[in-house]
């Protein structure tokens with residue numbers, strides 16, 4: 001499978017994303033922000049970093065990049081898109097995901113491993129995560145506090161769009177386990193179509209044991225399984 005990894009000025013996790021997909025045995029290529037086509041990409045990763053220096057707001061300028069129109073069209077057609085950290089912020093700013101990411105409650109940059117649990121397993125991003133599995137994945141952000149108004153939160157809950165929550169090592173949702181003050185301990189969500197997702201933790205930095213965790217593989221493996229099924233379906 002072929003992944004397109006977007007590159008904005010000041011992206012700094014694009015290389016990590018490329019490496020992670022290649023470690024999993026698949027193709028990943030950079031796609032510069034001025035491009036207007038995704039080419040033959042099977043899936044899109046909007047990586048972490050500080051797109052356009054995070055001027056104005058995180059992701060606020062990147063949403064206007066030419067490549068984002070191609071991403072919108074790809075997503076509207078059912079293509080798989082995942083935004084990681086700054087990529088999550090970009091997807092929210094672009095209107096592909098609801099809500100916003102604001103300054104951490106502590107007003108500090110948080111760089112550490114956290115624990116996550118998946119709430120729903122019926123998406124390409126969570127389907128490979130074993131039931132009950134607590135994931136250990138790093139975060140690195142200063143504006144990762146997910147916020148949405150009560151109407152939006154109610155809709156997310158009703159549609160089962162909250163995919164990951166911050167938990168402790170026992171899988172319990174606690175305030176101490178929340179690194180940024182996100183409402184409802186939300187670490188990641190998806191769109192109503194369940195083909196676009198965003199999360200603040202970095203699964204691409206948890207795909208090799210030498211990095212301290214391989215739990216990030218579950219997220220990409222779910223995407224790869226979905227893509228494989230889609231490819232096989234016409235032949236069947």
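Report, by residue number, each residue of segment 163-172 that is buried (at least 19 other Cβ atoms within 10 Å of the Cβ) and more than 18 Å from residue 45 (Cβ to Cβ).
The first filter runs over segment 163-172 and keeps only residues buried (at least 19 other Cβ atoms within 10 Å of the Cβ), leaving 163-167.
165, 166, 167 - these are the residues of segment 163-172 that are buried (at least 19 other Cβ atoms within 10 Å of the Cβ) and more than 18 Å from residue 45 (Cβ to Cβ).
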Handout entry: Top-ranked residue of segment 10-56 - restricted to ones that are without any contact (Cβ under 8 Å) to a residue 12 or more places away in the chain and not in a helix (DSSP H, G or I), ranked as farthest from residue 97 (Cα to Cα)
Key = 25
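If you check 193, 212, 181, which single one turns out to be surrounded by fewer than 22 Cβ atoms within 10 Å (Cβ to Cβ), more than 28 Å from residue 2 (Cβ to Cβ), out of contact with any strand residue (DSSP E or B) (no Cβ under 6 Å at 6 or more places or on another chain) and in contact (Cβ under 8 Å) with a residue 60 or more places away in the chain? Before the answer, list the steps.
Working: 193 fails: more than 28 Å from residue 2 (Cβ to Cβ); 181 fails: out of contact with any strand residue (DSSP E or B) (no Cβ under 6 Å at 6 or more places or on another chain).
Criteria check complete, one pass: 212.
Tell me, which residue of segment 77-88 that is in contact (Cβ under 8 Å) with a residue 40 or more places away in the chain and not in a strand (DSSP E or B) is surrounded by the fewest Cβ atoms within 10 Å (Cβ to Cβ)?
Pass one, segment 77-88, residues in contact (Cβ under 8 Å) with a residue 40 or more places away in the chain: 78-88.
Pick out the ones that are also not in a strand (DSSP E or B) and you get 78-79, 85-88.
Working: 78: 11, 79: 20, 85: 28, 86: 30, 87: 30, 88: 29.
Once the filter is applied, the top-ranked residue is 78.
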Exercise for the section: Could you tell me which of the residues 91, 135 is over 16 Å from residue 190 (Cα atoms), touching a residue at least 24 places away in the same chain (Cβ under 8 Å) and either in contact with a helix residue (DSSP H, G or I) (Cβ under 7 Å, 6 or more places away or on another chain) or crowded, with 17+ Cβ neighbours inside 10 Å (or both)? Expected result: 135
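Taking segment 94-104 on its own, how many of its residues are over 13 Å from residue 6 (Cβ atoms), part of a loop (DSSP other than H, G, I, E, B) and in contact (Cβ under 8 Å) with a residue 60 or more places away in the chain?
Of segment 94-104, the ones over 13 Å from residue 6 (Cβ atoms) are 95, 97-104.
From the residues that got through so far, the ones that are part of a loop (DSSP other than H, G, I, E, B) too are 95, 97-99, 103-104.
Subset that is in contact (Cβ under 8 Å) with a residue 60 or more places away in the chain: 97-99, 104.
The total comes to 4.
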Practice task
Could you look through segment 58-73, keep only residues that are in a loop (DSSP other than H, G, I, E, B) and within 18 Å of the chain's Cα centre (by Cα), and pick out the one that is nearest to residue 91 (Cα to Cα)?
Solution key: 59
Completion exercise
residue 117 passes all but one of the listed conditions (1) assigned to a strand (DSSP E or B); (2) touching a helix residue (DSSP H, G or I) at 6+ places or on another chain (Cβ under 9 Å); the exception is number (2)
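Table: residues versus (1) crowded, with 20+ Cβ neighbours inside 10 Å; (2) within 13 Å of residue 1 (Cα to Cα); (3) in contact with a helix residue (DSSP H, G or I) (Cβ under 9 Å, 6 or more places away or on another chain).
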{"residue": "19", "(1), (2), (3)": "no, no, yes"}
{"residue": "29", "(1), (2), (3)": "no, yes, yes"}
{"residue": "35", "(1), (2), (3)": "no, no, yes"}
{"residue": "42", "(1), (2), (3)": "yes, yes, yes"}
{"residue": "49", "(1), (2), (3)": "yes, no, yes"}
{"residue": "53", "(1), (2), (3)": "no, no, no"}
Exercise for the section: Run down 155, 160, 233 and say which single residue is surrounded by 13 or more Cβ atoms within 10 Å (Cβ to Cβ), out of contact with any strand residue (DSSP E or B) (no Cβ under 8 Å at 6 or more places or on another chain) and assigned to a helix (DSSP H, G or I). Expected result: 155
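A short reminder: the numbers here are calculations on the coordinates, not readings from a lab. Note that this is a predicted model, so its numbers are computed, not measured. Reconstructed Cβ throughout: ideal geometry from the backbone, glycine too, with neighbour counts over all protein chains shown.
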